[in-house]
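Chemist: Sharing a structure here in structure tokens format.
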Amino acid sequence: MIHSLFMINSAGDIFMEKHWKSVISRSVCDYFFEEQQKANSPEDVNPVISTPHHYLIHIYRENIYFVAVCTTEVPPLFVIEFLHRVVDTFTDYFGDGGETAIKDNYVIVYELLEEMLDNGFPLATESNILKELIKPPNILRTVVNTVTGSSNLADTLPTGQLSNVPWRRAGVKYTNNEAYFDVIEEIDAIIDKQGSTVFADIQGVIDCCVKLSGMPDLTLSFMNPRILDDVSFHPCVRFKRWESERVLSFVPPDGNFRLISYHVGSQNMVAIPVYVKPNISFREGGGRFDVTVGPKQTMGKLVESVVITCAMPKVVLNMNLTPTQGTYTFDPVAKVLTWDVGKINPQKLPNLRGNISLQSGSPPPESNPAISVQFKIQQMAVSGLKVNRLDMYGESSPKKSFSFEKYKPFKGVKYLTKAGNFQVRT
């Protein structure tokens, strides 16, 4: 399956490599570097590269390319999902999956990769199982290991590894039992100059933090589950129950995990929560820039962390603008305008206007630039998805159901809507 893994930083240096079968020369990455040079941005590099003797499959996260090398044809998404799981595990262990964290924890990184892949095939990828096998780093453990010469590896197999619920360890005890669910949705949209929606869809996830004693069995139901498309589940979810009743029934892993990810397509009416009124014009030697942003369909929620980005044409020399709210910067080298708006007050809409200076003798640009918008809306799921009920059954009291009479209604459910690739044409 996977023969080798190379980690390449943004400078193009291979700072770490791991081989599970035979050692593959670093020269195989030359094919990757060729593709990288053709791409306009790091995210645009072809994720699957075919070479005469290998397949290179990669992801780009934390400013690092994680490049897996396979000698036989494999399902690419299988490898991509594994690579994402590797980065998620690093982040869970070290608090950061970047180059510095990996270099500071070389030994643990190699131990993790050895356990996560066995002879090229994924083996243990659940974080709480790995934490029983390999203890997360801390200052005290590092000092003890240095003095005694011991390692972070456990002497025994994880208790859950041999059970029919390998994602959960046995004998979990908590003083306070808690279950928190975060419904996070990203909206991708293209809006034309008149404000009409050209394209819009929603990518959503439900992230969980479950700290419950024993072996709990949870049932989560929604008020409108039919809006969900292309649902991807954590292995703990009972798929047949979802197919028949549209209910999530599962024995949760201990700690943080992603329960489901889903997609809400354009066949459902996607509500656009913000609008942008752009008025950008160019003439000989200069131009005019005027942009207003405001809330649209937010169900009374506050739009915050608003950032407007606009990549101006190369002939733009400088911009002299006045914002009614927030601050703006213009990079004269990259030709990128960034306006940090902050929170939007519906009674006083933020506006940025002023003059554009063009290089002398240059003709005005033929087309206007597109505007990218970033924003967050707390306690709102733009798709309209709502959690209806959460039932908990514990092994200590199998016949007793703890629903929202025991846990206050929706106390553990939080909603967040944010912009993904949200673009406004001007």
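Chemist: State the number of residues belonging to the stretch 266-293 that are in contact with a strand residue (DSSP E or B) (Cβ under 8 Å, 6 or more places away or on another chain), closer than 14 Å to I191 by Cα and of a type in the set (G, A, S).
Modeler: 1
Chemist: Sticking with this structure for a sec: Could you list, in sequence order, all residues of the stretch 61-74 that are more than 12 Å from F6 (Cα to Cα) and either aromatic (F, W, Y) or outside the structural domain of A101 (by the TED database) (or both)?
Modeler: Scanning the stretch 61-74 gives no hits.
Chemist: While we're here: Taking strands (runs of 3 or more DSSP E) that fall entirely within the stretch 188-286, which contain at least 3 residues that are outside the structural domain of M299 (by the TED database), free of Cβ contacts under 8 Å to residues at least 40 places away in the same chain and within 18 Å of R168 (Cβ to Cβ)? Talk me through it step by step, then tell me what you get.
Modeler: Details: elements: 197-211, 217-222, 229-233, 247-250, 255-264, 274-283.
Filter on the stretch 188-286 gives 247-250.
Chemist: What are the residue pairs meeting all of these: first residue in the stretch 364-388, first residue on the phi > 0 side of the Ramachandran plot, second residue open to solvent by 30 Å² or more (accessible area, probe 1.4 Å) and among the polar types (S, T, N, Q), Cβ atoms under 8 Å, and 6 or more apart or on different chains?
Modeler: Matching pairs, first to second residue: G384/N224.
Chemist: Condition first: surrounded by fewer than 17 Cβ atoms within 10 Å (Cβ to Cβ), of a type outside the set (S, T, N, Q) and closer than 15 Å to A381 by Cβ. Can you find one or more residues in the stretch 214-223 that meet it?
Modeler: yes
Chemist: Within the stretch 122-130, identify whether any single residue is open to solvent by less than 70 Å² (accessible area, probe 1.4 Å), assigned to a strand (DSSP E or B), modelled with pLDDT of 90 or more and not assigned by the TED database to the domain that holds N256, and answer yes or no.
Modeler: Within the stretch 122-130 (the criterion being open to solvent by less than 70 Å² (accessible area, probe 1.4 Å), assigned to a strand (DSSP E or B), modelled with pLDDT of 90 or more and not assigned by the TED database to the domain that holds N256), the answer is yes, since at least one residue qualifies.
Condition check ((1) open to solvent by less than 20 Å² (accessible area, probe 1.4 Å); (2) farther than 14 Å from V307 by Cα) across all residues:
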{"position": "D340", "(1), (2)": "no, no"}
{"position": "I344", "(1), (2)": "yes, no"}
{"position": "Q347", "(1), (2)": "no, yes"}
{"position": "P350", "(1), (2)": "yes, no"}
{"position": "N355", "(1), (2)": "no, yes"}
{"position": "Q359", "(1), (2)": "no, yes"}
{"position": "F375", "(1), (2)": "yes, no"}
{"position": "A381", "(1), (2)": "yes, yes"}
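Chemist: Moving on to the next point. Looking only at the stretch 19-65, filter to residues that are under 22 Å from V107 (Cα atoms) and within 25 Å of the chain's Cα centre (by Cα); which one of those is most open to solvent (accessible area, probe 1.4 Å)? It would help to see each step written out before you state the result.
Modeler: Within the stretch 19-65, the first condition is being under 22 Å from V107 (Cα atoms), and the residues that meet it are 19-26, 61-65.
Retained after the next criterion (residues that are within 25 Å of the chain's Cα centre (by Cα)): 61-65.
Details: R61: 59, E62: 82, N63: 101, I64: 1, Y65: 6 Å².
Per the stated criteria, the residue is N63.
Chemist: Oh, and also: Select from the stretch 168-201 the residues that are touching a Leu at 6+ places or on another chain (Cβ under 9 Å) and among the aliphatic types (A, V, I, L, M) and write down the one among them that is most open to solvent (accessible area, probe 1.4 Å). Reasoning before the result, please.
Modeler: Of all residues in the stretch 168-201, those touching a Leu at 6+ places or on another chain (Cβ under 9 Å) come to 172, 174, 177-179, 181-185.
Filter once more, so that each one left must be among the aliphatic types (A, V, I, L, M): 172, 179, 183-184.
Details: V172: 3, A179: 17, V183: 1, I184: 37 Å².
Only one residue fits best here, namely I184.
Chemist: Which residue pairs have Cβ atoms closer than 6 Å, lie 6 or more positions apart in sequence or on different chains, and pair a first residue in the stretch 42-54 that is assigned by the TED database to the domain that holds I80 with a second residue that is part of a loop (DSSP other than H, G, I, E, B)?
Modeler: That search, which allows pairs on different chains as well, returns V45/A39; H54/T71.
Chemist: Only residues that are farther than 18 Å from E81 by Cα and out of contact with any Phe, Trp or Tyr (no Cβ under 9 Å at 6 or more places or on another chain): list them for the stretch 114-136, please.
Modeler: E132, L133, K135
Chemist: Follow-up question, since we're still on this one. Filter the stretch 293-314 for residues that are open to solvent by 30 Å² or more (accessible area, probe 1.4 Å) and either in the same structural domain as T417 (by the TED database) or not in a loop (DSSP other than H, G, I, E, B) (or both) and give the result. Don't jump to the end; show me each part of the working.
Modeler: Within the stretch 293-314, the first condition is being open to solvent by 30 Å² or more (accessible area, probe 1.4 Å), and the residues that meet it are 295-297, 299-302, 304-305, 307, 309, 311, 314.
Within the stretch 293-314, P295, E304, S305, V307, T309, A311 qualify.
Chemist: Within the stretch 228-246, work out how many residues are over 28 Å from A200 (Cβ atoms) and open to solvent by less than 20 Å² (accessible area, probe 1.4 Å).
Modeler: Number satisfying all stated conditions: 1.
Chemist: Tell me, yes or no, whether the stretch 101-109 has at least one residue that is outside any strand (DSSP E or B), open to solvent by 10 Å² or more (accessible area, probe 1.4 Å), farther than 17 Å from M16 by Cα and among the basic types (K, R).
Modeler: Start the filter on the stretch 101-109 by keeping residues that are outside any strand (DSSP E or B), which leaves 101-109.
Filter again for open to solvent by 10 Å² or more (accessible area, probe 1.4 Å), leaving 101, 103-108.
Next, only the ones that are farther than 17 Å from M16 by Cα stay: none.
Among the residues of the stretch 101-109, not one is outside any strand (DSSP E or B), open to solvent by 10 Å² or more (accessible area, probe 1.4 Å), farther than 17 Å from M16 by Cα and among the basic types (K, R), which makes the answer no.
Chemist: Another one. May I ask you to verify whether L385 is open to solvent by less than 20 Å² (accessible area, probe 1.4 Å), more than 21 Å from V424 (Cα to Cα) and touching a Gly at 6+ places or on another chain (Cβ under 9 Å)? Break it down stepwise before answering.
Modeler: Working: open to solvent by less than 20 Å² (accessible area, probe 1.4 Å): yes; more than 21 Å from V424 (Cα to Cα): yes; touching a Gly at 6+ places or on another chain (Cβ under 9 Å): yes.
In short, yes.
Chemist: Mind listing whichever residues of the stretch 66-99 are open to solvent by 50 Å² or more (accessible area, probe 1.4 Å) and over 20 Å from the mean Cα position of the chain (by Cα)?
Modeler: Within the stretch 66-99, T71, T72, E73, P75 meet the criteria.
Chemist: If I ask for residues that are surrounded by fewer than 14 Cβ atoms within 10 Å (Cβ to Cβ) and either β-branched (V, I, T) or at pLDDT 80 or above (or both), which ones from the stretch 388-401 would you list?
Modeler: The initial filter retains those residues of the stretch 388-401 that are surrounded by fewer than 14 Cβ atoms within 10 Å (Cβ to Cβ), namely 388, 395-401.
Within the stretch 388-401, N388 is the sole residue that qualifies.
Chemist: Of everything in the stretch 258-269, what is open to solvent by 20 Å² or more (accessible area, probe 1.4 Å) and at pLDDT 85 or above? Give them in sequence order. Lay out the reasoning, then the answer.
Modeler: Just the residues of the stretch 258-269 that are open to solvent by 20 Å² or more (accessible area, probe 1.4 Å), to begin with: 258, 261, 263, 266-269.
R258, S261, H263, listed by residue number.
The values are calculated or read from the model by the stated rules, or taken from the named source; none is laboratory data. Values in this document were obtained by computation on a predicted structure and should not be read as measured data. Backbone-built Cβ (ideal geometry, glycine too); neighbour counts: all protein chains shown. Side chains included, ligands, DNA and RNA excluded: accessible areas come from the protein's heavy atoms. Shrake-Rupley method; radii C 1.70, N 1.55, O 1.52, S 1.80 Å.
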